[in-house]
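The values are calculated or read from the model by the stated rules, or taken from the named source; none is laboratory data. Everything numeric here is computed off the predicted structure, so don't read it as measured data. Cβ placement follows ideal geometry from the backbone for every residue including glycine, while neighbour counts extend to all protein chains displayed. Please note that ligands, DNA and RNA were not included when accessible areas were found on the heavy atoms of the full protein model with its side chains. Shrake-Rupley method; radii C 1.70, N 1.55, O 1.52, S 1.80 Å.
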Amino acid sequence: MAALIADWLLIIAVILLIPLTITLFKNRWTLLPLPERRPENTPSLSVLMPARNEENQIRQTVSAACKLNYPSIEVLVLNDQSEDRTGAILNELKQLYPGRLKVIYGKSRPEGWLGKPWACQQLAEEASGELLLFIDADVTLEEETANHLVTAFQSTQADMITVWPRQELGSFWERVVIPIIYHSLLTLLPSSYVHKAPFWIPAFLYRRLAVLFAAACGQFIAYKKEAYWRADGHHAVRGEVVEDVELARAARRNRLHLRMFEGGSQISCRMYTSGMEIWDGLRKNFFAGFGYRWSLFLTAGLTATFLYLYPFLVLPVSLLAGNSFQLLFSTTAVLLILLQRIHLARWFRWNPLYSWTHPLAVLWFQALGLRVMWDRLRGIPAYWKGRKVS
């Protein structure tokens, strides 16, 4: 039995070398911030922001957008039937930025539409810019972000650009849980595969498989306007909970050139502010992220347990039992996990001490997965900001 456990730990350690290699030697050098250069010319830009019950963040986010150092820009905010002080704050901001800020009042959702896609569709229909930038109401932009975004469009010839903002973490559960989202992205998907074929897949085959490598972050997605409508806008994802990934897939199906960047020092986000917000926020789209496929959902849960919990559980047992092989392999696996997490913490300027909470974060997601399974089996819908999501 001891030999079998040691063998499993050796297999885990070997497997963990793959995500470590993807993170350190692929994504760290290819997932870059927007280029910090002035654009060759300045096409008009529409910053589009859906807002529902965002009284805690909306003032900072809208003010930052209105202060962008860019000559041809409009900021459109859609008040999506908010029930808090969002509307009152937007009215105040209109007086402060009369030349730049326009507030739209959202219409009732048509049948088959979810809230965010419908809000973004309305914003796009009102936008006059040659470029469309969709951001969430908790995303903060630095003054030069618009210039750097336009430079990225011009230097890469992209039709669609998505950025993963630097996540600002406050509460204990934010520091424990949120980094796992970036860990999953950056250890599984080489970012360059989003826009070009891997060397091991022939180009003709990649064109068929490109949607499998599509990814996007709904907190920051920008388009050339004609490309957005060519891909059918948010109408193409009108009923999707995970609309950002589906937008990326729609882009690839329509042969759009998609590029992905990280926020660097230019774009930041405070996604959630408490453990309960994180639980409710991720509960609504956790199963949707797996395409509502039970096989994939359960496989992912078992794999996470095997790779990221098992070594932490075996390590103290091996130490107490004095089993040198188990201790060696479990220590190696744990160190490989911590190396990934510490590297990500340094990259995104998070507290590296929270890397040690990785098994706690995995357990948190396992508990969330069990709750989501219970909801599905009982037919319990998910809610977010007072609306049924699924």
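Numbers for the structure displayed
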{"quantity": "Members of segment 327-385 found to be without any contact (Cβ under 8 Å) to a residue 24 or more places away in the chain and among the β-branched types (V, I, T), listed by number", "calculated": "T331, V334, I342, I380"}
{"quantity": "3 or more residues among the basic types (K, R): qualifying helices (runs of 4 or more DSSP H) within segment 120-231", "calculated": "none"}
{"quantity": "Any chance Y272 is free of Cβ contacts under 8 Å to residues at least 40 places away in the same chain, hydroxyl-bearing (S, T, Y) and not in a helix (DSSP H, G or I)", "calculated": "no"}
{"quantity": "Qualifying residue in segment 7-17 (condition: under 30 Å from Y310 (Cα atoms) and in contact with a Ser or Thr (Cβ under 6 Å, 6 or more places away or on another chain))", "calculated": "yes"}
{"quantity": "Listing of strands (runs of 3 or more DSSP E) fully contained in segment 1-112 that carry 2 or more residues being open to solvent by 20 Å² or more (accessible area, probe 1.4 Å)", "calculated": "73-79, 101-105"}
{"quantity": "Pick from segment 120-143, criterion over 19 Å from K224 (Cα atoms) and not hydroxyl-bearing (S, T, Y), ranking: most open to solvent (accessible area, probe 1.4 Å)", "calculated": "E143"}
{"quantity": "Test: residue in segment 205-215 that is of a type in the set (S, T, Y) and modelled with pLDDT of 90 or more", "calculated": "no"}
{"quantity": "Residues located in segment 114-130, provided they are in contact with a helix residue (DSSP H, G or I) (Cβ under 8 Å, 6 or more places away or on another chain) and not basic (K, R)", "calculated": "L114, P117, W118, C120, Q121, A124, A127, G129, E130"}
{"quantity": "Within segment 38-60, tally of residues that are over 21 Å from the mean Cα position of the chain (by Cα) and among the basic types (K, R)", "calculated": "2"}
{"quantity": "Restricting segment 335-390 to residues that are at pLDDT 95 or above and among the β-branched types (V, I, T), the residue that is surrounded by the most Cβ atoms within 10 Å (Cβ to Cβ)", "calculated": "I337"}
{"quantity": "So P39, is it over 21 Å from C217 (Cα atoms) and at pLDDT 95 or above", "calculated": "no"}
{"quantity": "Within segment 293-312, tally of residues that are in contact (Cβ under 8 Å) with a residue 40 or more places away in the chain and loosely packed, with under 14 Cβ neighbours inside 10 Å", "calculated": "0"}
{"quantity": "Of residues in segment 144-187 being out of contact with any helix residue (DSSP H, G or I) (no Cβ under 8 Å at 6 or more places or on another chain), open to solvent by less than 10 Å² (accessible area, probe 1.4 Å) and among the hydroxyl-bearing types (S, T, Y), the one nearest to L360 (Cα to Cα)", "calculated": "T145"}
{"quantity": "Pairs, first closer than 22 Å to L258 by Cα in segment 150-177, second of a type in the set (S, T, N, Q), C-beta under 6 Å, six or more apart", "calculated": "P165/Q219; P165/S268; R166/S268"}
{"quantity": "Near pairs, Cβ below 7 angstrom, 6+ apart or cross-chain, from segment 231-256 (at positive phi and open to solvent by less than 40 Å² (accessible area, probe 1.4 Å)) to any residue that is hydrophobic (A, V, I, L, M, F, W, C) and modelled with pLDDT of 95 or more", "calculated": "G233/A124"}
{"quantity": "Meets criteria (modelled with pLDDT under 95 and under 20 Å from the mean Cα position of the chain (by Cα)) for L186", "calculated": "yes"}
